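Beneath this line is the structure, given in structure tokens, with notes to follow.
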Amino acid sequence: MRRRTGWALVACALIVSICMPGVWAKEEIVLRWTTCCGQLDRHELFQSWARRYESRNPGIKIEWEYPAGNYGNVILTRIVGGAGPDVIWIGGAFSQLADLFTPLDDMRTRAGGPLREVMPSVFPLFTWQGQLGAAPYGANTVPFFLNQRMFAEAGLQIPSPSWTWSEFIELIKRLTVDLDGDGQPDRWGFDFRSGGYRETALSWGGPPFTPDGRKVAFNNPITVGATQIMADLASNKYGPYQLPAGRGDYAQVAASGDVAIMAGGVWAVPALRQLPEDEWEAIIFPAYEYQGQRYHSSYMSGEAWAISKTTRYPEEARRFVEFLLDKEQMREFARLGGIIPTQQSVAREFFHPSTSKPQNMAAFLDCLEVGKPIYNTHPAGTDIISRSAPVWNELWAGRMPAASALEQMEAIGNAVLAEWWATREQQR
């Protein structure tokens with residue numbers, strides 16, 4: 001009887017295993033991957049990457065999602081609620097969510113790690129309290145685009161990358177033209193609409209916060225001087241050389257041929273290349289001169305892959321991020337345009353030298369060399385700018401000097417930071 005009972009148990013187990021094969025099979029791992037912010041041209045590529053990774057890693061499924069609504073709020077709500085994604089696209093909202101992400105410093109320091117050749121200037125965009133919280137794969141910088149035809153018609157040479165704001169002002173005077181004699185310009189010297197110029201100005205003399213993140217650091221002579229020049233340009237102190245607002249979007253303005261110098265990011269390159277004539281060239285922003293030295297700056301933002309601290313599969317998520325950073329995927333991403341690959345070897349392939357217009361695509365890499373973190377690299381940065389809005393408006397309207405404005409902003413900023421740090425310490 002005992003023997004029969006034993007064989008009966010074995011038979012039952014076999015029947016269960018046949019009818020329910022998943023009982024003995026290894027559990028399939030599902031990694032949830034979210035990306036953000038329009039960029040519809042990327043969606044097909046992302047989905048192809050998910051399928052590629054699955055084919056190379058049996059037993060792992062990638063669920064890619066582009067969530068609707070405010071991306072940062074959606075991610076925060078899901079993670080806090082215990083249903084967050086495993087691998088997360090992150091950009092300018094990084095500092096506000098940094099506490100939710102797994103530190104990835106080992107990817108940067110490990111011999112042969114996927115971040116070993118990433119350009120150093122990008123790391124501060126995704127570092128909070130000394131820890132790298134996301135793996136940067138892309139960056140955006142803002143140079144000026146110069147209309148070579150308009151320069152030639154005015155008898156002017158394209159300036160060198162070592163140009164200064166004084167040279168810029170002289171150029172825009174000569175490039176602003178009244179064609180019909182009615183006393184109003186028909187062509188303008190410059191357009192700042194897409195330049196991130198306020199953010200650029202605040203970082204001209206260095207990062208806008210002290211290394212410990214407890215004080216603002218933008219009230220210094222270099223930042224004050226550069227901010228004054230940019231505010232004077234914005235308020236037309238030098239003359240009506242700036243393209244008036246309401247002239248259409250960036251692509252329409254570029255196509256009109258009405259402005260000689262435009263600020264714009266790398267995202268603008270695909271639109272410029274679609275214009276009938278290749279007449280635009282890129283150049284780094286002019287230098288601000290102070291006590292015999294020249295100081296450059298550039299707006300700079302980044303894109304990165306983060307891993308949630310709540311992921312059930314930390315090792316698998318890391319391997320997927322490393323796959324996303326592999327040069328095979330990075331090169332495919334770079335071919336889409338609109339982003340600077342952070343890996344130096346991949347960036348050189350697409351930006352230096354360039355065989356298509358703008359030929360000086362290396363200007364974007366020059367900007368990465370001089371760019372500095374902007375205010376949103378601190379979790380309280382956006383609140384500082386919001387509370388400082390009345391001061392900003394007075395400054396940019398030409399009704400307040402930069403020295404007074406930045407002094408007031410320093411006081412506002414330090415008050416916001418003291419409040420933010422006190423709240424943070426109470427929550428611990």
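Say we join alpha carbon atoms closer than 10 Å with springs in a Gaussian network model of the chain; which of TRP204, TRP163, TRP33 then has the biggest fluctuation?
Its mean-square fluctuation being the largest, the pick is TRP163.
For segment 273-330, state which trypsin sites (Lys or Arg not before Pro) are in a DSSP loop and have at most 14 other beta carbons lying within 10 Å of their beta carbon. Provide the component values of the computation, followed by the final result.
On the way: sites: ARG273, ARG294, LYS309, ARG312, ARG318, ARG319, LYS327; in loops: LYS309, ARG312.
Answer by residue number: LYS309, ARG312.
How big is the dipole moment of the chain about its Cα centre under a simple scheme where the beta carbon of each Lys and Arg is +1, that of each Asp and Glu is -1, and everything else is neutral? Debye, nearest 20, please.
For the chain, the charge dipole is close to 2020 debye.
Contact order normalised by length for segment 78-203, with contacts defined as Cα pairs under 8 Å and 6 or more residues apart; what percent is it?
Values: 90 pairs, mean separation 17.7, N = 126.
Across segment 78-203, relative contact order equals 14 percent.
Which entry is the computed Rg and Dmax of the Cα atoms in Å for this structure: (1) 19.6, 59; (2) 26.2, 114; (3) 31.7, 135?
Only one listed value fits the structure, namely (2).
Just how large is the dipole of segment 389-428 about the Cα centre, in debye to the nearest 20, putting +1 at every Lys and Arg Cβ and -1 at every Asp and Glu Cβ?
Working: 3 positive and 5 negative charges, 24 e Å.
Dipole of segment 389-428, to the nearest 20 debye: 120 debye.
If I take every Cα pair under 8 Å that is 6 or more residues apart in segment 273-345, average their sequence separation and divide by the length, what percent do I get for the relative contact order? List each step's numbers first, then the result.
On the way: 23 pairs, mean separation 9.0, N = 73.
Value for segment 273-345: 12 percent.
Can you tell which of LEU146, LEU179, LEU368 shows the greatest fluctuation in a Gaussian network model of the chain with Cα springs below 10 Å?
Among LEU146, LEU179, LEU368, the largest mean-square fluctuation in the Gaussian network model of the chain belongs to LEU179.
Over the Cα atoms, compute the radius of gyration (one decimal) and Dmax (the largest Cα-Cα distance, rounded to a whole number) for segment 97-165, in Å.
So, for segment 97-165, Rg and Dmax equal 19.5, 56 Å respectively.
Any idea what diffusion coefficient segment 294-336 gets from Stokes-Einstein, in µm²/s, Kirkwood Rh on alpha carbon pairs, 10 °C, 1.306 mPa s? Walk me through the intermediate numbers first.
Values: Rh = 13.0 Å.
Translational diffusion coefficient: 122 µm²/s.
Given a cut-off of under 8 Å on Cα pairs at least six residues apart, what relative contact order in percent is computed for the chain? Intermediate values should be presented prior to the final figure.
Numbers: 708 pairs, mean separation 97.5, N = 428.
Rounded, it is 23 percent for the chain.
Please work out the Cα center distance from segment 363-428 to segment 143-164, rounded to the nearest Å.
32
Hey, fewest Cβ within 10 Å first, where do THR164, THR210 land in order?
Values: THR164 15, THR210 12.
Ordered from fewest to most neighbouring Cβ atoms within 10 Å, THR164, THR210 come out as THR210, THR164.
Where is the GNM fluctuation largest for the chain (alpha-carbon springs, 10 angstrom cutoff): GLY413, GLY82, GLY338?
Among GLY413, GLY82, GLY338, the largest GNM mean-square fluctuation belongs to GLY82.
Rounded to two decimals, what is Rg over Rh for segment 112-260 when you use alpha-carbon atoms and the Kirkwood radius? Please report the intermediate quantities before stating the final value.
On the way: Rg = 19.1 Å, Rh = 18.1 Å.
Rounded to two decimals, Rg/Rh equals 1.06.
What is the fewest-to-most order of ARG214, ARG42 by other Cβ atoms lying within 10 Å of their Cβ?
Values: ARG214 13, ARG42 19.
Arranged by neighbour count, lowest to highest, ARG214, ARG42 become ARG214, ARG42.
Excluding the sites themselves, what is the longest stretch of the chain that contains no GluC sites (Glu not before Pro) in a DSSP loop with at most 16 other C-beta atoms within 10 Å? All intermediate terms of the calculation are to be shown ahead of the outcome.
Details: sites that count: GLU27, GLU28, GLU117, GLU277.
With a cap of 16 other Cβ atoms within 10 Å, the longest stretch comes to 118-276.
Values in this text are rule-based calculations from the coordinates and carry no lab data. All values reported here derive from a predicted model rather than from experimental measurement. A quick note on method: Cβ atoms are made from the backbone with ideal geometry, for glycine too, and the neighbour counts reach across all protein chains shown.
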